[in-house]
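The values are calculated or read from the model by the stated rules, or taken from the named source; none is laboratory data. Nothing here was measured: the structure is a model prediction, and the numbers come from that model. Neighbour counts run over all protein chains shown; Cβ positions are idealised from the backbone, glycine included.
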Amino acid sequence: MLSSYFKLLSRILLGTVLLFGVIIGIGYSLNERHIAMRQTKLAATPEVVWNTITNFSNAASFRPDLSRVNMLPAQNGMPVWREVDRKGESITFAVIESKVPSRLVVKIAQPDLPFAGTWVYELAPTGAGTALTITENGAIYHPIFRFVSHLFLNQAATIEEYLRSLERNHGRAA
């Protein structure tokens, strides 16, 4: 009886180890980098949209995913801030390029994370307001996170949530 218990336990343990081995193997085989791009048309001028997306300290007022934003000392004359989400988790960001009011490039400024990325915001005037395109150039370093991200998550979800927040704030252009 005790012998069959240990056999069952060892089979479960071996199966678990094999499963994690397969997940890690698949994770390593997946591309570390990804690109996600989304666009919306907002019923506001590029200048108004620019002022909203670059007023980092005020982002929590229109983004329901954030609880607060803490501004940090600038780097190379560019803004740096820490976003704290509703779960209390935080990520530090920095502007690395700014061309008013048409192009903004932001990066994760926290090298100790298992992921990294930059976001390129491109604003173009349209007859009804502004076309805003956001392109995420991301990297997921940990193979298990990469496996989960590639197979089970929408890699554009953060962009989509951000754009919905802007649409609620400025209205969607036709």
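Here is how the numbers come out for the structure above:
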item	result
Residues (in a helix (DSSP H, G or I) and of a type in the set (S, T, N, Q)) located in the range 1-45	3, 4, 10, 16, 29
Leading residue by the ranking (farthest from residue 131 (Cα to Cα)) among those in the range 32-64 that are under 17 Å from the mean Cα position of the chain (by Cα) and exposed (fewer than 15 other Cβ atoms within 10 Å of the Cβ)	33
Check on residue 101, in the same structural domain as residue 42 (by TED's automatic domain parsing), part of a loop (DSSP other than H, G, I, E, B) and closer than 30 Å to residue 21 by Cα	no
Residues being out of contact with any helix residue (DSSP H, G or I) (no Cβ under 9 Å at 6 or more places or on another chain) and either over 30 Å from residue 112 (Cβ atoms) or not assigned by TED's automatic domain parsing to the domain that holds residue 104 (or both) - total across the range 134-171	3
Residue match in the range 61-74 (condition: more than 19 Å from residue 157 (Cβ to Cβ), in contact with a Gly (Cβ under 9 Å, 6 or more places away or on another chain) and assigned by TED's automatic domain parsing to the domain that holds residue 116)	no
Search result, residues across the range 121-174 that are closer than 17 Å to residue 102 by Cβ and among the β-branched types (Val, Ile, Thr)	126, 130, 133, 134, 135
Only listed residue being under 25 Å from residue 72 (Cα atoms) and surrounded by fewer than 17 Cβ atoms within 10 Å (Cβ to Cβ), chosen from 168, 103	103
Among residues of the range 66-91, those that are surrounded by fewer than 17 Cβ atoms within 10 Å (Cβ to Cβ) and part of a strand (DSSP E or B), counted	15
